[in-house]
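What follows draws every value from the coordinates through simple rules; no lab data is involved. Note that the structure is predicted; figures quoted are calculated from it, not measured. Please note: Cβ atoms are built from the backbone with ideal geometry, for glycine as well, and neighbour counts cover all protein chains shown.
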Amino acid sequence: MRIAPKTIYAKGLILICVPLLVEYACGISMFCLQRYYEDKLSGERAGVEIIFNANEMWIDCTEILFLKGYFSLFGGEEPAFAQRVNRIMDQYQILKKLVANNRMQTENLEKIHAYTRQALSLSNQLRPVISPKGSRKMSVLISDLDILAKAQLIVGSMASEIEFFRKPEFLYSRAAVAEVERSTLFVDCLVLGSLAASTIVALLLFAYFIRTISQEIKVIVKNTDQFKEGIELEPPLSGGDELAQVDAAFHQMSDEIKEAQRTKQKILSMISHDLRSPLTSVLGYLSNLRAGVFGDAPNETLANAERCEREIDRLIHLINDLLDLDKIEAGKFELRPKSLSADQVLDKAINKVFRFADERDVNINPPMGMAQIHADPERLLQALSNVLSTAVRLSPVGSSIETGVGQNNGESEIRITAASAEITEDQLDLLFDRYQQSGCGLQLDLPISREILRLHGGSIVATAQKPQGLTFSLLLPAKEPA
């Protein structure tokens, strides 16, 4: 009876674990080899340190005897004997730690230390030859030479004892190089063999498992493409593995999205018919009231009518923006691009927002420069009007807005600068968020403008200056794309 994994999780676990086991076996072998040579080299390093510190101890002791003998015979400035004695003691302490686990070497070290103390004790018995006079000077000289001869014998005994310390065996043997080469070759073969074995096993397992899931993946990919194109999906996959569950969830999500789109269309249709039409009637009534069609009205009534008229205009504009966003998301936003003069379209946009700017006492200067663009005139006018309205809304009373156009490398730029606007980088990012409310309520001007520029193959960039100032840069193709 063949046992095969039924889920992708189990298949993936096998696909990962089997090659890992091969690598694990290789790693264990290399780890054991590493520990073997690590222990071996640790002992070798300890041996080298012992020989080195013992020789240093002998050299320092010999140096002290030589310097003290020279000082006793010829005089001069007294050398720093205490520093060398301290160094000998430091080397002795280091050697005690290195040979602590070896009784014979510990005994040998104590003999060397005893010889050192004897030599230093004899060196302390040396007397200056220059100080005495007459026949006493000769007796001091003979005494010092005798002390130095005894010290020389002790130092020679120290050298003999140092030779009994264990010398590194592996590092100085002729077989070391050959053994290292064999071990290196073994590790190389082990690594290459492990990589080859794990690769072959992984490929075989992958080829075996992929046959069972490739067809399901193809169905899911096909359903994804059909969903993006709005085509009816293939029937859900049968079975209970993860791919079948993903495909079932994808079908459910597709049904929910379609239902949500139908609901949104109904809501937008209701907004378009049930709200915009009555608002247009109310707007007409208010216009007639202000025009005196119903007779003279008090100034307060006319002022309130004008304020209501502005609010209804804003509400109708917001409804139109919502409908435009829905068309853009549904891919039904039509463009009829043609060759245009950017400065002329910008002039029209300035005239369109003139009333709003005049109410806020903000001056919009005519555009500087000329440039050709390839765009839909109505949609571009809509985008520019939205950007200008935003610049006016963010500008303080009594300020000015500069406009200009330019062209470079087949691309045209329209610039709108509100030099007195005060806005931070964080607030600037929120201007393009279609779901962000400002102090004036929901504002869709810049989100609509950005989408219109994107559909034209262009872009819009907003930059905040310090300490104040705001610039909108609208980039559009200067001619029809090839």
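The table below gives the values:
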| item | result |
| --- | --- |
| Distance violations [Cα-Cα > 29 Å] among Lys348/Lys479; Lys228/Lys352; Lys352/Lys479; Lys258/Lys338 | Lys228/Lys352; Lys258/Lys338 |
| Full-extension gain in nm, Arg290 to Ser121, via 0.36 nm per residue minus C-alpha separation | 48.5 nm |
| Percent of Cα-Cα distances greater than 25 Å, calculated over segment 335-477 | 21 percent |
| Phi to ³J(HN,Hα) by Karplus 6.51 cos²θ - 1.76 cosθ + 1.60 over segment 406-412, Hz, x for Gly, Pro | x, 9, 7, 6, x, 10, 9 |
| Per DSSP, loop trypsin sites (Lys or Arg not before Pro) in segment 61-145 with at most 12 further Cβ within 10 Å | Lys133 |
| Spin-label model distance (nm) - Phe432 vs Ala196, 7 Å beyond Cα toward Cβ | 5.6 nm |
| Amide H contacts under 5 Å for Gln465, placed H, 5+ residues apart | Leu470, Thr471 |
| Simple Cβ-charge dipole of segment 242-325, Lys/Arg +1 and Asp/Glu -1, about Cα centre, in debye nearest 20 | 260 debye |
| Candidate aspartates and glutamates for bridging to Lys466, where Cα separation is under 19 Å - those fewer than 8 sequence places away on the same chain excluded | Glu402, Glu422, Glu425, Asp426, Asp429 |
| Where labels lie 7 Å past Cα in the beta-carbon direction, separation of Lys327 and Ala419 in nm | 3.8 nm |
| Exposure proxy order (Cβ contacts within 10 Å, fewest to most) of Val219, Val392, Val345 | Val219, Val345, Val392 |
| Cα-projected label distance for Ser157 with Ile14, points at 7 Å along beta-carbon direction, nm | 7.9 nm |
| Calculated FRET efficiency for the pair Met368/Glu311, C-beta based, R₀ 30 Å, to 0.05 | 0.30 |
| Distant-in-sequence amide H partners of Ile401 (H built 1.01 Å from N, under 5 Å) | Asn363, Ile364, Asn365 |
| 3J(HN,Hα) from dihedral phi, segment 309-323, Karplus parametrisation 6.51/-1.76/1.60, rounded to Hz, x for glycine, proline | 4, 5, 5, 5, 4, 5, 5, 5, 4, 5, 5, 5, 5, 4, 5 |
| Cβ-derived FRET efficiency at R0 60 Å, Phe31 paired with Val85, nearest 0.05 | 0.80 |
| Estimated FRET transfer efficiency when R0 is 45 angstrom, pair Lys218-Leu318 (beta carbons, to 0.05) | 0.50 |
